[in-house]
Each structure stands twice: as structure tokens, then as C-alpha cells.
Amino acid sequence: MALTTTTRAAAGVALTLLLSLTACGSTTTEYVTVTAPESTFLVEYLPGTTGAVAGKSTFQLRVRKRADYLPATGLAITVKPVMTMPTYDHAAPADLVTESATPGTYDGAVYYQMASGAGMGYWELTVTIGAESVTFVPSVAMAMGSDTVKANLWGVTDAAVPDTASTKYVIFKDGPLGAAAGSLKLYVSRAEDSMMTFKPVSLGSVLAGPTGTVTSVSVTASADAAFTVPLVAVDSGHGHWSVDVSSLGLTAGAQATVNLKLKVNGEDKTTNGLAPAGANASVAFKVTPQ
């Protein structure tokens, strides 16, 4: 892995040229911005095996101390993804960053809402450690296949919030669906502040008004839109949910539809923000078990 450093005198900001992504025999260049004070850590962005794609994307951060280049362990790290577009900017949900079994290497995940590229905009991923931050510009590809990666829902009370279109609940697919285990994993987040803030939705989450603290929340699944036999998802905390769909008789390699409902503080969230009445009461998630 090659590493080259250049510096520009611009308001005390150093630009680091990090060569860390390799795919199809070629090397992709990522620009990294390091803010003052002079950084204590050398941070490397390691993409997942498939690279960043729309929907859930996992990655690792390898952190070393600049003083001796030894692994920096036990750090509290946060990440903030922001899409820069010609007309406006918006963020995306990001999971908690946790240290892996390899000292100095940290696991993270971002739930990208869209791909990046010419005419669309580009994603910046800012990594913060204490008073220091570093920004990567990962290339985010479109999701492959026709499976659902995310769906949007609104509540009637959300209509009271300015910029209603951007104040929404987003359900993301949170991992592959195994035909044998039958566990459909989901990540539920709420967009706020014109989509510049995303908060995980679980029991006890504190959301912006008028919702406030989440005192009751449920995610249910069904093979049919009438929810003849509803399946109740388990809240694993910090926006992570899982629902056992083994009773639906899904087949490995065959795409199927799982209908999902979300209720927060007693209010059903719908596809159009109106009171639930038939088709708007649930979203159809297309999934292909592996």
C-alpha cells in the first residue's frame, strides 16, 4: 500500500493523498483532509470487499499513532457521511464504530441513500477522533440487482415539521438474508434537519419534535399486504432490528416480497404520510435469500 503526503498552505489545512483502494488491478486515489491541530493519528480507510454501494456499506479504519506508527487502540471514533450536490447537501445514517479483534482496526458501516458520480454529487466521509478529523471521499456505486435496499415512511404528525419531505423514517436492509436461518435484518433511522441528521430508531431513542423520546416502537413483517399473519421484529438496539421470516417458506436464490410496517409512539408510519388506508400502510421489500 503506497502512501504519499503533500501539503498546501491554505488556512492551516493539510491535504493528504492516500492511495488505499485497489480494485480490478488499478489503484483509486482518495483525498484526505486533516484539520488543525497537527494530527496525532494516521487514519486509513479500508473499503469492504465489494466497495461502497448504495444501501449498507461496511468498511474498516486502520489507525496508527504518528509518533511510532504503532496501532492506536481503545479510541472513540465517530463517522459522518455527507453528500455534496449541486443544489443541496444531505447526510446518511452511520452505525457505531467498534474496534475489531485486530488492534488499531475499527469496523464501521454507512447506509448510503444514493450512489455518487458525475451529475449526482460525491460523498464525504469525515472520521473524528477527539479534536481531530480526517475526511475521505469514497466512490459509492449503485446497488446491483433488484432487491430493495431502503424504503421511506412518514407519519401524520411529521407533517407538522418544516421540510416534511426530508423528515422521514428510512428502513434499510441490514445484511444478507439466509434461507436457512430466515432472519431478515433491518436498520431503521429517522432523517431530521433537512436530512443532515439521521438518528437510529429503537426503544428509548430521542428524536426531534413532535415525536421526542420513543416510548413504543414496533416493526412487523408479513407475506401479504393484509398482514394476515404478522411477524414481530426484535429490537436489537441503536436502530437494528431482525425478524424471523422462516415461516414464509422463502427459497434460496428466488426473489420474494416481504411487507413491512413501522409504528412509533402509537402512530403508523405510511408511504405518503397520511393515515393508514390500504396500500399506504406498509412497504414491499423485495429480498433474495442466499
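Throughout, read-outs are computed from the coordinates displayed, never taken from laboratory work. As the structure is a computational prediction, the values presented were derived from the model and not from experiment. Neighbour counts are summed over all protein chains in view; Cβ atoms, including those assigned to glycine, are modelled from backbone coordinates with ideal geometry.
Only residues of the range 249-290 count here: report those whose backbone N is under 20 Å from the spot 7 Å along Cα→Cβ of residue 152, or say none. Output list for this probe position: 260-264, 268-277, 279-286. In terms of packing, defined here as the mean over residues of other Cβ atoms within 10 angstrom, the peptides 217-227, 261-271, 202-212 line up highest first as 261-271, 217-227, 202-212.
When the C-alpha to C-alpha distance is required to be over 25 Å, the pairs from 80/263; 80/261; 263/286; 80/286 that qualify are 80/263; 80/261; 80/286. Between residue 256 and residue 216, the modelled label-to-label distance comes to 3.0 nm, taking each label 7 Å out from Cα in the direction of the beta carbon.
Compared with the direct C-alpha span, the chain from residue 196 to residue 132 gains 21.0 nm at full extension, assuming 0.36 nm per residue. Summing Cβ point charges (Lys, Arg +1; Asp, Glu -1) relative to the Cα centre of the range 150-287 gives a dipole of roughly 220 debye.
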